[in-house]
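The values are calculated or read from the model by the stated rules, or taken from the named source; none is laboratory data. Worth saying up front: this structure is predicted, and the values here are computed from it rather than measured. Heavy atoms of the whole protein, side chains included, go into the accessibility calculation; ligands, DNA and RNA do not. Shrake-Rupley method; radii C 1.70, N 1.55, O 1.52, S 1.80 Å.
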Amino acid sequence: AKSDGIGKVIPGDGAAYYETTFKALVYKPDLQEIIDGEVIEIVEFGAFVRLGPLDGLVHVSQIADDFLNYDSKGSRFVGKASNKVLQEGDKVRARIVTISLKKAKENKIGLTMRQGGLGKFEWLEAPEAAVVQAEKKKKRRKRRE
């Protein structure tokens with residue numbers, strides 16, 4: 001912030017007022033925007049992801065295409081078929097699907113990681129493993145039928 005150095009005092013008001021100029025970096029999320037963030041908290045119903053100045057929630061149903069078990073002691077989710085693990089500190093890529101911006105503590109940003117190219121970075125680096133897991137899952141279903 002830069003000030004012109006000459007302040008004004010208004011009678012009856014004990015404060016001094018200065019002409020100032022400043023630059024500000026702001027962030028306003030957009031629907032369908034793809035973001036990179038860090039998991040900051042795991043709770044029974046989902047994972048909170050830090051998006052810079054804001055946090056978003058990935059509901060447990062939107063984390064992966066697998067049934068996820070919540071491990072309260074380890075504060076993490078574990079995939080039943082894939083054994084994928086999501087825990088605090090993990091870097092993820094997600095898409096913004098809902099936005100409700102109100103007052104600072106009332107902001108709500110909904111995220112999904114179930115679409116292609118989204119999820120924990122380690123999951124994205126090994127797409128072959130995901131394909132192999134999906135094929136195994138299909139074979140198991142056929143055997144049961």
- Per residue, how many Å² of accessible area does the range 10-131 show with a 1.4 Å probe? 65
- At a 1.4 Å probe radius, carbon and sulfur cover how many percent of the accessible area of the range 4-128? 53
- Could you tell me how many degrees, from 0 to 90 and to the nearest 10, lie between the Cα long axis of helix 127-144 and the main elongation axis, the longest principal axis, of the Cα atoms of the chain? 50
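Just the projected area, averaged over all directions, of the convex hull on the alpha carbon atoms of the chain: how many nm²? It would help to have the intermediate numbers written out before the result.
On the way: hull surface 54.2 nm².
Approximately 13.5 nm², given one-decimal rounding.
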